[in-house]
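Shown next, in structure tokens, is the structure this report addresses.
Rule-based calculations on the coordinates, nothing more; no lab input. What you see is a predicted model, and the numbers here were worked out from it, not measured in a lab. Note that we place each Cβ from the backbone using ideal geometry, even for glycine, and neighbour counts take in every protein chain shown.
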């Protein structure tokens, strides 16, 4: 492929093509949407769909992953893997919210953690094997952090929708 070909990529590995507001350019967005539809799709198939070579797609995907813009993972059903208890925890903190968030981010049972505005300072999704493990996590680990004022547990009774293909808009 010649260097003047429009799909040829000449970018350092760490850079990402971005639009005017720092967002991904249209080709990178199309690649993301293809991966959201099927994360196992080949680079050649994605390239045909978005108008780039297989090599160009491979380079862009590598940059998207390196930059943290995307993760390519298998989404699992926790119940089928032996994790019978899922819950969302609302956590109120006194003092440095980010310091508490950093501590909580180290807990393997927490798979999603956000700093929020509103009634809670933090919201954490937890995945546990059973109620006993959940109780131990809340009572003996989270609530023993000095800056944690209170927690509220929202038990998951039924998963009605979980979607990761919202596109890039």
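Side notes on the structure shown:
- Spatially, segment 111-160 and segment 34-63 are offset by 37 Å when compared through their Cα centroids.
- Proportion of all alpha-carbon pairs of segment 78-155 beyond 13 Å (%): 64 percent
- Computed E for residue 92/residue 125 - FRET, C-beta separation, R0 25 angstrom, nearest 0.05: 0.90
- Counted residue by residue at 0.36 nm each, then reduced by the alpha carbon distance between them, the extension gain from residue 44 to residue 154 reaches 35.2 nm.
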